[in-house]
Amino acid sequence: MTTSQALAELWRFGSPAWFVAIAAMALYVWAFGFRMGRRMGAMLAAVALFLIATVSPVAVLADGYLFSAHIVQHLLLLLLVPPLLIAALPPARVEAALTRPSVRFAQDTFGRAPMSWMLGLGIMWLWHIPTLCSASVTSTPAYVAQCATLLAAGVAFYWPVVHPVRSERLSAPGSIVYLFTGCLACTLLGVLLTFAPVSACPVYMHPVDTLGIMPLLHHGWGLTHASDQQLGGLMMWVPACMVYLAGILVIARRWLSESNLDVVQGRGSHGVR
Amino acid sequence: MSLEATLEPEVEAAPTGFVSWVTTVDHKRVGIMYLITSVVFFAIAGIEALLMRIQLAVPENDFIAPELYNQLFTMHGTTMVFLVGMPLIAGFGNYLVPLMIGARDVAFPRLNAFSFWLVPFGGLMLHWSFLAGGAPNAGWFSYAPLTELPFNLNEGVDYWLLSLLALGIGSVGSAINIIVTVVTLRAPGMKVSRMPLFIWMIFVTSILIVLAIPALNSAIVMLLVDRHLDAAFFLPDRGGSAVVWQHFFWVFGHPEVYVLILPVFGMISEIIPVFSRKPIFGYSFVAASTVAIGILSLSVWAHHMFAVGMGRGPDLFFTAASLLIAVPTGVKVFNWSATMVGGRIQFTTAMLFCIGFLIEFVIGGLSGVTLASAPIDWQVTDSYYVVAHFHFVLFGGFVFGMAAGLYYWFPKITGRMLSERLGKWQFWLMLIGFNLTFLGMHFLGFMGMPRRVFTYPDLPGYEALNMASTVGTVVIAVSVLVMLYNIAISLKRGEVAGDNPWNAWTLEWAATSPPPEHNFELVPPVRSRRPMFDLAHPEVVRDVPLPPDDAPKRPQAAIVSVVAFIASESMFFLMLLVAFVIYNFFEFGSGPGPLDIRRTGMFSVALFASSATLFVAERHLRRGNGGGATTWLGITMALGLVFLAGQAWEYYDLITAHFTPEGSIFAATFFTTTGFHGFHVFAGLLALLAVTLLRRNGGLGKNEETIVKATGYYWHFVDVVWVFVFSIIYLGRIL
């Protein structure tokens, strides 16, 4: 099998993830109506990324073959889908929902720093305890639980930073510290995975090659178990941090552009002399 | 005001002359002392460079013996980074930060003086090694195992380690001071989005210092344990790993590069707009990208280690991430250039140095981009190409920027202008000398000349390029002499500057030159990023109301400082715990140690309980029950003592059972980590004791609650660290 064949063929069109995606889309349209715009775009992007994580070759490779694909799955579900989901929510409706004590309680319990931070980072560390990591590959309930908890923890993590209602968000410096420490915790896990000489997820050590793609992975892509784990660790280390960093940049710029007088002053080159 | 007048403090009974400088806590005088110290060490390290260049002027030279040559390049690098670069930044930072934000002084003037005095102390200790049997000789990054006892019996390495520890503590102290000053003491109206860019940059730099120095400290203490307690952290033949030193050093070393260059970016961002008579182009990008550069710099250290053989994956990722840093940095260069475009540029000496900075820094940055690529790095690493690269960044960037800062702020600091005529001589001599010295080194590197080698064979082209380089060094030396002469005569006969000789826009120019001890008679209102411009052009900002003073809403200094300190300490313990995991859970595992988990568990309960009792004490204090607070503070300290006693008991048992650092890596990591934690518990106890005693005499005044709270943060932090230490070291081994 060649790389292009693998990319074309290794899809799971029969996966229940399709059902989840369609149901989520339907629920969204039912609850908020259908209107093309930024929010609908965010929702569509979230669903698309969710599908990439669960039915594309990423999912197939993560299923017992490649630890690095497993990490890509994590990053998609924990770092990219949740902020898009939050961005898809209309602020007015969220504000209305927050008047209900139960919703308010849920937010104040899980969606506030430092609890949300601990959930978001904790879930990532938790699923990398070697036994749990292996279980998430070998057992379907564990796999479903992993996907669901990653998504939920991701939403909790991002909630204080990209809250639909602006006034409920963390302050700009608070958000920067929040995301920066998130980046540090992520880096630390990435470093340990990258340089660990022991297997962080033993199930990937000896894949059962039902699809006949091991020759491609070994010889075509040049991945051994060790280099695969290293690649996974590096994914966690560098690109994951870039996601946080992008958030920090957006927040910092918005924070700094508050003072509009300087824009007036900035026009032309009139000086003192 | 004449210079002599400012040397005399205004308070009557205050000490005068030399004593007044030694005892001062005024941020301006501390800043000046920092600057003078760094100029002295700049001269020393410069002479070392001259000696090396004389040795290298011709092939097969025997002017300097190999061993002395090793000491010279080690001392040159170490001195330039830790005793020139860092003190220059701290000096300008100290002098300028309070003035630029309209404050009376830094947040903690005494801590400031203490941080400063550690610099001459550390510098003396480092240089004492010349008299005590030989200076350190393993390069400024002191790679293990070359620095280990079997390979280096020279005590110079110990001097290197201890002085860097002292200098590091000083740097962290000064950085915390700047962070707290910026956070809590800004003038009314100076929102974060109105801070001068120099303040932004020095703020990010300070955060980097606070986070990065502890990584170096952790490596230093491990090497000290190796050298003096006979452990083997970095000795591969006894189960250690030399590569761990490299990782730990560069976790510090890479951010350190940005620690040096970011404040210079800040200076450039102040000076170029003033001499282009235009506001900076893209303020928010310049500020925000600084944050990005700071964060990125913490996670790309491994690009210094491509030659170690980390594997294809790490090489790829670190190449990519390192190249990424070039993006925000490169855009900044466009920001500065765009500021100049269409401006009425005044070619003062300060501006010339800024333009020189732009050109040389871009060259250094581009060679940096090439070095970020692993395959190129393999070809040229440890050659003169690398020497050329970092001198373009650190001399062409850092020194040129600092020179610009000197010419720009000298009138403010002394009340007199530096001579522009001599300044231009200095600039052109330095520009020519610098390029003569370092441009050719790129080619020497490509031709295969290795760095740090005391001589070279007479290969084609080597001699000409090396001779040119040596001549260039002499030209640089002349330019430095011109600068020193300029400073000397300008102090005496320079043109009197007045408050705002450059018609600049930031607050420091509102004070007299030099400023009085209390800095400002009246801080001008801050309605924009350019308060002095507004003062001169009231019509522009007439309608902008002055925002209400938000100072009371800002965080309290005690809390900010303790949080910054905890962040620093967290990095230290993080590195020690990472070392523990690497050495014991990875390949070096040495079997379960003779730890008594149950006993330590019991003593841990005492420590955790002490956190609870401290909460109770704080609650009593909030409710105004001083007596109850004292009681519960006492109980907290007693519980802390119980924990320490338990640890002492444990150590006694272990050591009598011959479980010692030289025996196994596990023992070494165990004692290092728990030992430093115990030391921190002890420090926390002292802090609590001090607070308790001061409270009894009413010495804390109205800040009592905040100070107890801040001390409490530290105590809780020590407990939290123990949660991790206990889980990893004790529980981790039975899992």
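More than 18 Å from B:Met310 (Cβ to Cβ), within 8 Å of chain B (Cβ to nearest Cβ), touching a residue at least 24 places away in the same chain (Cβ under 8 Å) and crowded, with 22+ Cβ neighbours inside 10 Å: is that true of A:Ile176 in this structure? Judged against the criteria, A:Ile176 is a match. For B:Ala617, the requirement of being modelled with pLDDT of 90 or more, surrounded by fewer than 18 Cβ atoms within 10 Å (Cβ to Cβ) and within 19 Å of B:Asp719 (Cβ to Cβ) is not met.
Listed by first and then second residue, the pairs linking a residue in region B:444-469 that is without any contact (Cβ under 8 Å) to a residue 60 or more places away in the chain to a residue that is in a helix (DSSP H, G or I) and surrounded by fewer than 16 Cβ atoms within 10 Å (Cβ to Cβ), with Cβ atoms under 7 Å apart and 6 or more places separating them unless they lie on different chains, are B:Leu465/B:Phe443.
Just so you know, in region B:527-542 the residues that are touching a helix residue (DSSP H, G or I) at 6+ places or on another chain (Cβ under 6 Å) and aliphatic (A, V, I, L, M) include one that is nearest to the other protein chains (Cβ to nearest Cβ), and it is B:Val541.
Let's see how each residue does on (1) in a helix (DSSP H, G or I); (2) facing another protein chain (nearest Cβ under 9 Å); (3) touching a strand residue (DSSP E or B) at 6+ places or on another chain (Cβ under 6 Å); (4) within 11 Å of B:Met201 (Cα to Cα):
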residue: B:Leu262; (1), (2), (3), (4): yes, no, no, yes
residue: B:Phe275; (1), (2), (3), (4): yes, no, no, no
residue: B:Lys278; (1), (2), (3), (4): no, yes, no, no
residue: B:Phe285; (1), (2), (3), (4): yes, yes, no, no
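B:Glu67 falls short on exactly one of the conditions (1) at pLDDT below 95; (2) more than 21 Å from B:Phe141 (Cα to Cα); (3) surrounded by fewer than 21 Cβ atoms within 10 Å (Cβ to Cβ), and that condition is (2). Taken over region B:313-355, the criterion of being within 29 Å of B:Ile213 (Cα to Cα) and at the interface with another protein chain (Cβ under 9 Å from one of its Cβ atoms) is satisfied by B:Gly313, B:Pro314, B:Leu316, B:Phe317, B:Phe318, B:Ala320, B:Ala321, B:Leu324, B:Pro328. Looking across region A:4-41, the residues that are surrounded by 11 or more Cβ atoms within 10 Å (Cβ to Cβ) and polar (S, T, N, Q) come down to A:Gln5, A:Ser15. Of the residues B:Phe724, B:Phe717, the single one that is surrounded by 15 or more Cβ atoms within 10 Å (Cβ to Cβ), farther than 16 Å from B:Ala617 by Cα and in contact with a Phe, Trp or Tyr (Cβ under 8 Å, 6 or more places away or on another chain) is B:Phe724. Taking the numbered list (1) facing chain B (nearest Cβ under 10 Å); (2) of a type in the set (A, V, I, L, M, F, W, C); (3) not in a helix (DSSP H, G or I) in turn, A:Leu184 passes all entries but (3). What's the number of the only condition in (1) hydrophobic (A, V, I, L, M, F, W, C); (2) in contact with a Ser or Thr (Cβ under 7 Å, 6 or more places away or on another chain); (3) in contact (Cβ under 8 Å) with a residue 12 or more places away in the chain that A:Ala142 fails to meet? Going through (1) hydrophobic (A, V, I, L, M, F, W, C); (2) in contact with a Ser or Thr (Cβ under 7 Å, 6 or more places away or on another chain); (3) in contact (Cβ under 8 Å) with a residue 12 or more places away in the chain one by one, A:Ala142 breaks only (3). The combined condition, being more than 30 Å from B:Ile179 (Cα to Cα) and either out of contact with any helix residue (DSSP H, G or I) (no Cβ under 7 Å at 6 or more places or on another chain) or assigned to a loop (DSSP other than H, G, I, E, B) (or both), is not fulfilled by A:Ala142. If the condition is being farther than 19 Å from A:Met124 by Cβ and surrounded by 24 or more Cβ atoms within 10 Å (Cβ to Cβ), then region A:47-60 contributes no residue at all.
Looking across region A:199-241, the residues that are more than 14 Å from chain B (Cβ to nearest Cβ) and part of a helix (DSSP H, G or I) come down to A:Pro202, A:Val203, A:Tyr204, A:Met214, A:Pro215, A:Leu216, A:Leu217, A:His218, A:His219, A:Gly220.
Taking the options B:Val523, B:Val562, B:Val475, B:Val482, name whichever one is free of Cβ contacts under 8 Å to residues at least 60 places away in the same chain and either buried (at least 16 other Cβ atoms within 10 Å of the Cβ) or within 29 Å of B:Val106 (Cβ to Cβ) (or both).
Numbers: B:Val523 fails: free of Cβ contacts under 8 Å to residues at least 60 places away in the same chain; B:Val562 fails: free of Cβ contacts under 8 Å to residues at least 60 places away in the same chain; B:Val482 fails: free of Cβ contacts under 8 Å to residues at least 60 places away in the same chain.
Going through B:Val523, B:Val562, B:Val475, B:Val482 in turn, just one is free of Cβ contacts under 8 Å to residues at least 60 places away in the same chain and either buried (at least 16 other Cβ atoms within 10 Å of the Cβ) or within 29 Å of B:Val106 (Cβ to Cβ) (or both): B:Val475.
Applying the selection to region B:694-714, what residues are exposed (fewer than 14 other Cβ atoms within 10 Å of the Cβ) and either modelled with pLDDT of 90 or more or assigned to a loop (DSSP other than H, G, I, E, B) (or both)?
Our first condition is that a residue be exposed (fewer than 14 other Cβ atoms within 10 Å of the Cβ); within region B:694-714, this holds for B:696-699, B:701-703.
Listed by number, the residues that qualify are B:Asn697, B:Gly698, B:Gly699.
With A:Phe50, A:Phe34 as the choices, which residue is in a loop (DSSP other than H, G, I, E, B) and of a type in the set (Phe, Trp, Tyr)? Result: A:Phe34 is the single residue among A:Phe50, A:Phe34 that is in a loop (DSSP other than H, G, I, E, B) and of a type in the set (Phe, Trp, Tyr). Contact map, region B:716-730: first residue of a type in the set (Phe, Trp, Tyr), second residue surrounded by 22 or more Cβ atoms within 10 Å (Cβ to Cβ), Cβ cut-off under 6 Å, separation 6 or more or different chains; pairs are B:Trp722/B:Leu607. Before we move on, is B:Phe306 more than 8 Å from chain A (Cβ to nearest Cβ) and buried (at least 21 other Cβ atoms within 10 Å of the Cβ)? Against the criterion (more than 8 Å from chain A (Cβ to nearest Cβ) and buried (at least 21 other Cβ atoms within 10 Å of the Cβ)), B:Phe306 qualifies. Considering only residues that are at the interface with chain A (Cβ under 8 Å from one of its Cβ atoms) and not in a loop (DSSP other than H, G, I, E, B), which ones fall in region B:287-303? Within region B:287-303, B:Ala287, B:Ala288, B:Ser289, B:Val291, B:Ala292, B:Ile295, B:Leu296 qualify.
Among the numbered conditions (1) in a helix (DSSP H, G or I); (2) at pLDDT below 95, the only one that B:Phe130 does not meet is (1).
Let's see how each residue does on (1) hydrophobic (A, V, I, L, M, F, W, C); (2) within 14 Å of chain A (Cβ to nearest Cβ):
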{"site": "B:Ile169", "(1), (2)": "yes, no"}
{"site": "B:Ile176", "(1), (2)": "yes, no"}
{"site": "B:Val182", "(1), (2)": "yes, yes"}
{"site": "B:Arg186", "(1), (2)": "no, yes"}
{"site": "B:Val192", "(1), (2)": "yes, yes"}
{"site": "B:Trp200", "(1), (2)": "yes, yes"}
{"site": "B:Val204", "(1), (2)": "yes, yes"}
{"site": "B:Ala212", "(1), (2)": "yes, yes"}
{"site": "B:Leu216", "(1), (2)": "yes, no"}
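Return the residues of region B:221-245 that are part of a helix (DSSP H, G or I) and surrounded by fewer than 22 Cβ atoms within 10 Å (Cβ to Cβ); say none if nothing qualifies. Give the steps one after another, and end with the answer.
Narrowing region B:221-245 to residues part of a helix (DSSP H, G or I): B:221-229, B:236-238, B:242-245.
B:Val221, B:Leu224, B:Val225, B:Arg227, B:His228, B:Leu229, B:Pro236, B:Asp237, B:Arg238, B:Ala242, B:Val243, B:Val244 - these are the residues of region B:221-245 that are part of a helix (DSSP H, G or I) and surrounded by fewer than 22 Cβ atoms within 10 Å (Cβ to Cβ).
Does region B:589-601 contain any residue that is surrounded by 17 or more Cβ atoms within 10 Å (Cβ to Cβ), modelled with pLDDT under 95 and touching a Leu at 6+ places or on another chain (Cβ under 7 Å)? No: zero hits. Scan region B:115-131 and report the pairs whose first residue is touching a residue at least 12 places away in the same chain (Cβ under 8 Å) and whose second residue is of a type in the set (D, E, K, R), with Cβ atoms within less than 9 Å and a gap of 6+ or a chain change. Matching pairs, first to second residue: B:Ser129/B:Glu155; B:Ser129/B:Asp158. For region A:242-256, the tally of residues that are within 8 Å of chain B (Cβ to nearest Cβ) and of a type in the set (Val, Ile, Thr) stands at 1.
Give me a count of the residues in region B:651-675 that are surrounded by fewer than 18 Cβ atoms within 10 Å (Cβ to Cβ) and at pLDDT 90 or above.
The first filter runs over region B:651-675 and keeps only residues surrounded by fewer than 18 Cβ atoms within 10 Å (Cβ to Cβ), leaving B:651-653, B:655-658, B:660, B:662-663, B:675.
Filter once more, keeping what is at pLDDT 90 or above: B:651-653, B:655-656, B:675.
Within region B:651-675, residues that are surrounded by fewer than 18 Cβ atoms within 10 Å (Cβ to Cβ) and at pLDDT 90 or above number 6.
The values are calculated or read from the model by the stated rules, or taken from the named source; none is laboratory data. These figures come from a predicted structure and were not determined experimentally. When we count neighbours, we look across all protein chains shown, and the Cβ atoms used for this are built from the backbone with ideal geometry, even at glycine.
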